Amino acid sequence: MLFLGLALVRGLLYAALTPPWQAPDETGHFEYAWHIARLGRLPTPADAHPEFERELIASLYAWRYGDFLGRPLPDRMPDRMEALPAGIFARNSRTLISNRFSLAYLWQALFLLPASHEDLATALYLARVSSVLLNVLLVGVAWGIFREMGLPEGWAAAATAFLIFWPQHTSINATVNEGPLAELCAAFVLWGWARLLRRGFSAEGVGAVIGGTLLGLWTKNPAAVLAPLSILLAIGWGGYGVLRGRRTSERLAYLGGALLVLLVLTALTGWTPVGRWMADRIEAMVEPPPSAPPSYFSVADTLTLTAESLWGRFGWMNVRIGDLWYLIVGLLLLVALEGWLLPRSRAWAAPRRMVILMALFVAAVVAGWAGFAFGTPNGRFYAQGRYLFPAAIPLAGLVTGGWGRWAPGRTGMVLLLLTWILLDGIAMLRLIHFFYGG
């Protein structure tokens with residue numbers, strides 16, 4: 001309950017402190033959810049409401065959208081979004097016009113129903129509350145995952161606290177976007193595999209893996225990695241179960257469960273929006289369009305931007321925390337890595353297969369992002385750490401596990417965790433100063 005309370009308070013703080021429209025693609029996500037609430041059905045591009053566009057543009061001016069972005073709005077306010085300059089992100093970030101549906105929009109629309117007569121900024125804050133509540137649920141699921149994995153209570157508590165005081169994670173999950181729901185779907189998949197690996201075949205585990213994957217594929221593109229990851233894990237889990245099973249019935253249960261996961265995910269992935277997006281990206285990698293403009297981001301720029309925004313780079317990637325603080329965060333991650341490679345203590349013990357599961361989950365998400373970023377023509381424009389958040393829970397488990405092995409005794413672990421919490425406070429102060437200091 002303490003963890004849930006902290007997640008709620010911090011989420012509401014970030015939702016209140018971040019000015020309207022100062023989050024990646026928030027204008028476009030809100031527009032789609034607003035139209036669902038207003039129409040009572042899924043909209044089409046033809047349903048784009050001119051009155052909504054005029055009110056949104058007026059809200060952009062009122063909340064200094066262009067000033068904070070570093071890309072000033074025109075002196076004369078236009079009436080339609082397409083009349084804004086091409087460099088204004090709100091003009092291009094319109095999932096309604098591109099007809100890109102997400103299940104997250106249905107959840108957000110529920111919170112917009114009571115706000116049909118409110119101004120857009122007030123409605124936006126209500127929609128942000130929907131994301132905050134999903135993040136609170138995510139924290140509760142994270143605790144359940146760590147306990148299902150058999151992690152010691154201290155390790156589970158440290159990992160959950162790490163997740164709560166992760167500034168960029170809380171900031172993104174306190175704004176209007178599809179990320180919190182996609183991450184929750186990934187968490188259910190992780191819980192399902194932890195249950196299957198620890199307790200053997202069960203309908204709950206298989207259901208969580210299949211259900212979480214399919215819901216994720218209807219929510220956000222970074223969830224694309226869940227399908228191939230689950231298929232590979234099903235092959236390994238089924239083969240392991242057949243080899244170790246003492247009875248024929250046990251072997252058949254493992255084999256049948258693995259086949260069920262394989263068949264359902266393979267058959268249904270292509271029917272989902274993310275599945276179709278995956279097919280398009282694979283085709284683009286094989287036969288890139290000749291007119292695709294090259295990205296102006298270098299490999300170093302892409303990695304640097306992604307690393308910084310994984311911990312804290314707020315707004316539309318325009319609020320840096322500072323080189324010193326990024327350096328300290330990097331050192332903390334190196335400490336965790338050394339803890340795994342050269343442990344000074346093994347007081348925190350967990351089943352090896354659970355550590356491998358967390359590592360595979362993180363590796364799969366990172367590999368999926370890297371393949372898209374460096375394997376598609378415009379992939380480097382997506383140099384943002386939030387695309388790695390489907391692996392936030394296992395990453396929190398691995399980092400705190402490394403800390404526990406690097407710093408023997410309770411005192412060292414507490415000091416490392418307090419340092420992480422202090423850095424979170426510094427990041428929040430930087431956000432406040434950027435948006436309100438002047």
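Readers should treat all values here as calculations from the given coordinates under stated rules, not as data from a laboratory. Here the structure is a predicted model, which is why all the values come from computation and not from measurement. Cβ: placed from backbone, ideal geometry, glycine included. Neighbour counts: every protein chain shown.
Assorted remarks:
- Filtered residues of region 329-366 (kept if free of Cβ contacts under 8 Å to residues at least 60 places away in the same chain, assigned to a helix (DSSP H, G or I) and over 29 Å from T213 (Cα atoms)): G330, L331, L334, L341
- Residues (surrounded by 14 or more Cβ atoms within 10 Å (Cβ to Cβ) and part of a loop (DSSP other than H, G, I, E, B)) located in region 81-98: L84, I88, S93, R94, T95, L96, I97
- Subset of region 134-154 [touching a helix residue (DSSP H, G or I) at 6+ places or on another chain (Cβ under 6 Å), crowded, with 17+ Cβ neighbours inside 10 Å and either among the charged types (D, E, K, R) or within 21 Å of S345 (Cα to Cα) (or both)]: F146, E148, M149
- Odd one out for T376, checked against (1) surrounded by 17 or more Cβ atoms within 10 Å (Cβ to Cβ); (2) of a type in the set (S, T, Y); (3) farther than 23 Å from K220 by Cβ: (3)
- Per-region count, region 299-328, residues surrounded by fewer than 18 Cβ atoms within 10 Å (Cβ to Cβ), assigned to a loop (DSSP other than H, G, I, E, B) and at negative phi: 1
- Any chance G205 is out of contact with any strand residue (DSSP E or B) (no Cβ under 7 Å at 6 or more places or on another chain), assigned to a helix (DSSP H, G or I) and buried (at least 21 other Cβ atoms within 10 Å of the Cβ): yes
- So A227, is it hydrophobic (A, V, I, L, M, F, W, C), out of contact with any Cys (no Cβ under 7 Å at 6 or more places or on another chain) and without any contact (Cβ under 8 Å) to a residue 12 or more places away in the chain: no
- Check on T160, β-branched (V, I, T) and not in a helix (DSSP H, G or I): no
- Screening L106 against (1) among the hydrophobic types (A, V, I, L, M, F, W, C); (2) closer than 30 Å to L190 by Cα; (3) in a loop (DSSP other than H, G, I, E, B) leaves a single unmet condition, (3).
- L4 vs. criteria in a helix (DSSP H, G or I), surrounded by fewer than 17 Cβ atoms within 10 Å (Cβ to Cβ), touching a Gly at 6+ places or on another chain (Cβ under 9 Å) and not β-branched (V, I, T): yes
- Residue in region 362-377 that is more than 15 Å from the chain's Cα centre (by Cα), more than 17 Å from V225 (Cα to Cα) and not polar (S, T, N, Q) present: yes
- Among the conditions (1) out of contact with any helix residue (DSSP H, G or I) (no Cβ under 9 Å at 6 or more places or on another chain); (2) surrounded by 14 or more Cβ atoms within 10 Å (Cβ to Cβ); (3) of a type in the set (G, A, S), A104 misses just one, which is (1).
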